Amino acid sequence: MQSDCRSTPARCIVSAMIHKVELTREAQRNLRKAPAPIVGKFRAWVDDVEHSGLEETRKRPGYHDEPLRGERAGQRSIRLNRAWRAIYEITSSGEVAIVQVQEVNKHDY
């Protein structure tokens, strides 16, 4: 059975195998300030996406990939540890764009 991407293009982008990760300038700046273990886990996630695809990587419980709500609706986050998150979105070209890597605390949510 073949899907018709013309009737639901957004669904086709999500269901396609996404293997490319792009970092925004802000995300690159954030990573330069992040501790080495955080950068290491982030790079492992990028490697997993580029090797296995986003859909398979989302299934791995260690990253806690989850959709965001409110002002960040349409974006997703992964947990790099208890205090650090990487925020990403899927672009119209079907790539993962890392928007921000940030440290959060209990007062931020």
Residue list for region 20-52, filter: among the small types (Gly, Ala, Ser) and touching a residue at least 40 places away in the same chain (Cβ under 8 Å): 27, 34
Output for region 27-45, where each listed residue is closer than 15 Å to residue 79 by Cβ and of a type in the set (A, V, I, L, M): 34, 38, 39, 44
Any hit, region 60-72, residues being free of Cβ contacts under 8 Å to residues at least 12 places away in the same chain and of a type in the set (Gly, Ala, Ser): yes
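What is the residue count in region 54-69 for residues that are closer than 21 Å to residue 94 by Cβ and in a helix (DSSP H, G or I)?
Quick first cut of region 54-69, residues closer than 21 Å to residue 94 by Cβ only: 54-60, 63, 65-68.
Still in the list and also in a helix (DSSP H, G or I): 54-58, 63.
Selection size over region 54-69: 6.
Filtering region 16-27 down to residues that are touching a helix residue (DSSP H, G or I) at 6+ places or on another chain (Cβ under 8 Å) and not aliphatic (A, V, I, L, M), which residue is modelled with the highest pLDDT? Walk me through how you get there before you give the answer.
The initial filter retains those residues of region 16-27 that are touching a helix residue (DSSP H, G or I) at 6+ places or on another chain (Cβ under 8 Å), namely 17-21, 23.
After this cut, where a residue has to be not aliphatic (A, V, I, L, M) as well, the list is 19-20.
Working: 19: 87, 20: 90.
Looking at residues that are touching a helix residue (DSSP H, G or I) at 6+ places or on another chain (Cβ under 8 Å) and not aliphatic (A, V, I, L, M), I get 20.
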Within region 53-109, considering residues that are out of contact with any strand residue (DSSP E or B) (no Cβ under 7 Å at 6 or more places or on another chain) and acidic (Asp, Glu), the one farthest from residue 20 (Cα to Cα): 108
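Just checking, which of 75, 102 is under 22 Å from residue 28 (Cβ atoms) and out of contact with any Asp or Glu (no Cβ under 6 Å at 6 or more places or on another chain)?
On the way: 75 fails: out of contact with any Asp or Glu (no Cβ under 6 Å at 6 or more places or on another chain).
The unique qualifying residue is 102.
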Cβ pairs under 8 Å, 6+ apart, first in region 80-107 and within 24 Å of residue 51 (Cβ to Cβ) and part of a loop (DSSP other than H, G, I, E, B), second modelled with pLDDT of 90 or more and among the polar types (S, T, N, Q): none
Lone unmet requirement of (1) in contact with a Lys or Arg (Cβ under 9 Å, 6 or more places away or on another chain); (2) farther than 19 Å from residue 26 by Cβ; (3) among the polar types (S, T, N, Q); (4) surrounded by 19 or more Cβ atoms within 10 Å (Cβ to Cβ) for residue 81: (4)
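The values are calculated or read from the model by the stated rules, or taken from the named source; none is laboratory data. The structure displayed is predicted, hence computed values, not measured ones. Quick reminder, even Gly has a Cβ in these numbers, built from the backbone with ideal geometry, and neighbours come from all protein chains shown.
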